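Trainee: Handing you this structure, nothing more for now.
The values are calculated or read from the model by the stated rules, or taken from the named source; none is laboratory data. Everything numeric here is computed off the predicted structure, so don't read it as measured data. Cβ placement follows ideal geometry from the backbone for every residue including glycine, while neighbour counts extend to all protein chains displayed.
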Amino acid sequence: MCGIVGYVGNKNAVNSIMSGLKSLEYRGYDSAGIAYYDKEFKIIKAEGKLNNLEKKINGLNSNIGIGHTRWATHGKPTVENAHPHKVGKFTIVHNGIIENYDSLRKLLVSDGYTFKSETDTEVVAALLDKFYSEKADILKVISEARKLLIGSYAFGILCDDYKDSLFALRKDSPLIVGIGENENFIASDVPAILKYTNKYILIDEGEIVEISNKVKIYDEYFNIKEKEILTFDGDLESAEKGGYEHFMLKEIHEEPNVFKNSTIPFLKFGLESLLSRDFSKYTSIDIVGCGSAYHAGLVGKSLIESYGMRVNVYVASEYRYQKLFTNKNSLVILISQSGETADTLACLRKVKEKGIDTLGIVNVVGSSIAREADSTIYIKAGPEISVATTKAYFAQVAILGLLALNIGYSREELSENQLEEILKKYSTFPEIIEQVINYEYSEISNSIYNYETCFFIGRLIDYSLCLEGCLKLKEISYINSIAYPAGELKHGTISLIEDDIPVFAVVTDKTIADKTISNIKEVKARGAKVILIITEDLDDDFDFTDYKIVIPNVNKILNPLLVTIPLQIISYEVAKLRKCDIDKPKNLAKSVTVE
Ligand code: G6P
């Protein structure tokens, strides 16, 4: 996710901004840039890591400036697309996504503006410049421009006519003002200012910030507001985690926002944008991935197959060596958070060589899979730091749900009315995610953390969800957990179910709920401690559960996401009780770029 740092003061802005940007590296980025004053506002940018930028800015001196680390969204991670962007008198940096940038860009082109980058940000710089050329009142110009923007943003703004002031505003993207001795800052997050000050102000939506040798925060009527100055007491590491004890927990708490970011681009522009892909030529789909990405693929299989399209899901390290049964009517979907997993990338290259259509579902913009696949959908989960994935898996499942709807509609298995009925739930769904995140899970976690074996059972999509829950628990707490299709347990290791052995059972698919419930009774009869996760429509006064988590029944596309939350949080809590290194489990890597 992009990082912003701005500085006005009596020291060298370039050094302070650079050090601030380094503290925001944890947010992830693929290019960076800085604007500083030397007779005029000048810009220096570089692709890749901050040391590439650092080499170019040696010896520069300025008392004002803005800097940016860019996590590419609109356009590749190139120097042209890196921030800051300057148009006319305005130099700006931006964190967020302007959803209506395309229509604004067309409007500005008809006014004679030309653009050097593919970004939504440059469009906003041009918009400010256009308004300013009509009426040189900077606060009014910023406020007028804001009214036209749809999306999320935090902006740092420099104007050629104000060489001692820096302006800023935000909506749905973070922004703080840091208050130092004879120096003031804007930043995306507290770590960026901690080397210089621990005093800061939180900026609210609707406000406009002006920092110079003073800090002024204006309300929407341009009156100066009194704001509370807060003091950050923690150290740098706790600041990066945003107050959470671990990145994993922070990332789980980001899921309501991740859902919005990943699905809104498809929903915003109506059905055409959601249904823009034509799947009518395909007769089958292969989904390929590793680890949790493979598990997301299995959930996707159930959702897509419910609309009549055959889907096979493969572990990438197997698929790359097995015989291909694809043909010109097949689509191969490669799922990867990093976009760099060696086995998944090898599968992509293997099927591309045979001329098969490929689609990447990827988080990291500009990664190898994103670049090489015929087309790519970005899941927009933002950088994920914890090795065990949570929010990226969540976003993968959210995107696969939309893909299933697209496929169902193009195969005429889903009418427009049915589709609209499902989509209606999307706008309020982030609140439901939040609600389930805030359930109390600690009693369950406390009751299972000292066991060395744990089972997960479910059928069909519920089994796929169990596989991911099981992996999460296993990889961060080292409990030997085993996921079984509920009906298969009695052909396998039901003998391991003894008194008190924890068994998680997932029941959300009503076509098969009764069968799973019979299997749960079988394990209960052998003494298992049953933790049931069930949708409210299927819930009853069961006498075989030790713990029960009842999740709202939203619809078949969104319910799987809700099951994911308790499984992630309980894994987290159990690992914490077992004093494990949660964000860096032993022997695991975030991105496996070797075979
Ligand atoms: C590693 C990670 C897993 C991840 C898998 C696939 O094993 O620890 O969390 O699911 O790689 O990674 P990818 O980046 O391709 O999604």
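Trainee: Given the condition part of a strand (DSSP E or B) and either surrounded by fewer than 18 Cβ atoms within 10 Å (Cβ to Cβ) or charged (D, E, K, R) (or both), answer yes or no: does some residue in the range 279-301 qualify?
Mentor: Yes, the range 279-301 contains at least one residue that is part of a strand (DSSP E or B) and either surrounded by fewer than 18 Cβ atoms within 10 Å (Cβ to Cβ) or charged (D, E, K, R) (or both).
For every residue, the table says whether it meets (1) assigned to a loop (DSSP other than H, G, I, E, B); (2) free of Cβ contacts under 8 Å to residues at least 40 places away in the same chain.
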{"site": "Tyr196", "(1), (2)": "yes, no"}
{"site": "Tyr200", "(1), (2)": "no, yes"}
{"site": "Gly206", "(1), (2)": "yes, yes"}
{"site": "Val209", "(1), (2)": "no, no"}
{"site": "Gly234", "(1), (2)": "yes, yes"}
{"site": "Glu237", "(1), (2)": "no, yes"}
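Trainee: Looking only at the range 314-334, filter to residues that are more than 25 Å from the chain's Cα centre (by Cα) and assigned to a helix (DSSP H, G or I); which one of those is nearest to the ligand (Cβ to nearest atom)?
Mentor: Ser317
Trainee: Mind listing whichever residues of the range 292-313 are within 16 Å of the ligand (Cβ to nearest atom) and out of contact with any helix residue (DSSP H, G or I) (no Cβ under 7 Å at 6 or more places or on another chain)?
Mentor: Tyr294, Gly297
Trainee: Next up: Restricting to the range 211-228, name every residue that is farther than 25 Å from Ile150 by Cβ, part of a strand (DSSP E or B) and not charged (D, E, K, R).
Mentor: Ile211, Val215, Ile224
Trainee: A further question on this structure: Scan the range 5-42 for residues that are among the hydrophobic types (A, V, I, L, M, F, W, C), touching a helix residue (DSSP H, G or I) at 6+ places or on another chain (Cβ under 8 Å) and part of a strand (DSSP E or B) and jot them down.
Mentor: Val5, Ala32, Ile34
Trainee: Need pairs with beta-carbon distance below 7 Å; first residue within 20 Å of Ala154 (Cα to Cα) and in the same structural domain as Phe41 (by TED's automatic domain parsing) and within the range 122-143, second buried (at least 21 other Cβ atoms within 10 Å of the Cβ) and among the small types (Gly, Ala, Ser); sequence gap 6+ or separate chains.
Mentor: Qualifying pairs under 7 Å: Val124/Ala145; Leu127/Ala145; Leu128/Ala145; Phe131/Ala145.
Trainee: Go through the residues of the range 459-469 one by one and say whether even a single one is of a type in the set (Ser, Thr, Tyr) and either touching a Lys or Arg at 6+ places or on another chain (Cβ under 7 Å) or more than 16 Å from the ligand (Cβ to nearest atom) (or both).
Mentor: Yes.
Trainee: Something else now. Could you grab me the full set of residues in the range 126-162 that are in a strand (DSSP E or B) and either modelled with pLDDT of 95 or more or farther than 20 Å from Ile4 by Cβ (or both)?
Mentor: Passing the criteria: Phe155, Gly156, Ile157, Leu158, Cys159, Tyr162.
Trainee: Follow-up. For the range 359-402, give me each residue that is more than 9 Å from the ligand (Cβ to nearest atom), more than 27 Å from Ile569 (Cα to Cα) and assigned to a loop (DSSP other than H, G, I, E, B).
Mentor: Val365, Gly366, Ala373, Asp374
Trainee: Of the residues in the range 371-426, how many are crowded, with 17+ Cβ neighbours inside 10 Å and without any contact (Cβ under 8 Å) to a residue 60 or more places away in the chain?
Mentor: 3
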